[in-house]
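A.B. asks: There's a structure below that I have some questions on.
Here, each number is a calculation from the coordinates, and none is a lab measurement. The structure displayed is predicted, hence computed values, not measured ones. Every residue, glycine among them, receives a Cβ derived from its backbone with ideal geometry; neighbour counts consider all protein chains shown.
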Amino acid sequence: MKKYSPIGELSEFASEYAETISKTTGHIACITDKDTVIAVSGGSKKDFLEKNLSKELEEVLENKEVFKSKENNDISLPVTEGEGKQRIYNSQVIYPIISDGDVVGSVILIAKDASKTMGEPEFKVAQSAAGFLGSHLEI
């Protein structure tokens, strides 16, 4: 039996949305529910799609936190289980998707290129996407 996921119900829409976000920002875009990555664009699908979230990411979402690593000297958060402790990403933004007061998933932007960092534009894109997806679920 599979656990119900409101975001998972929107997987086709989420895939298209992730593709738009990735094309707009030039970064890897992932959309997750509370347990797995349900959409990815701009990066390897086999590295993310349908993989369980890391315990660290689950904790961030549980606490309704927004996470932003800025440069190589900051900590990056593993997105999926089994990524290990090595720093894989140069920069990332993780924004929770909240619907009716509960976290139902997240929008994640990831830069693998060491010359790229996440600034205010990427933060706002993730915030807008998470807000839109959360409000879409409340309808």
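A.B. asks: Report the full-extension gain for the segment residue 136 to residue 50: residue separation times 0.36 nm, less the Cα-Cα distance, to one decimal in nm.
C.D. replies: 28.8 nm
A.B. asks: Please list, in chain and number order, the residues 5+ apart from residue 52 or on another chain whose amide H is under 5 Å from its amide H, with Hs placed from the backbone.
C.D. replies: 81
A.B. asks: State the extension gain, in nm to one decimal, for the chain segment bounded by residue 120 and residue 24, taking 0.36 nm per residue of separation less the distance between their alpha-carbons.
C.D. replies: Values: separation 96, 0.36 × 96 = 34.56 nm, distance 1.41 nm.
Residue separation times 0.36 nm, minus the Cα-Cα distance, leaves 33.2 nm.
A.B. asks: Could I ask something else about it? For the pair residue 62 and residue 113, how long in nm is the line joining their label points, each one 7 Å along Cα→Cβ?
C.D. replies: 3.6 nm
A.B. asks: How would you order 19-27, 103-111 from highest to lowest mean count of nearby Cβ atoms within 10 Å?
C.D. replies: Working: 19-27: 17.4, 103-111: 26.2.
Going from most to least packed, we get 103-111, 19-27.
A.B. asks: Among the aspartates and glutamates, which fall within straight-line cross-link reach of residue 68, defined as a Cα-Cα distance under 18 Å, with same-chain neighbours fewer than 8 residues apart omitted?
C.D. replies: 56, 58, 59, 113, 120, 122
A.B. asks: So what is the relative contact order of region 8-138, in percent, for Cα pairs below 8 Å that sit 6 or more residues apart?
C.D. replies: Details: 256 pairs, mean separation 28.2, N = 131.
Rounded, it is 22 percent for region 8-138.
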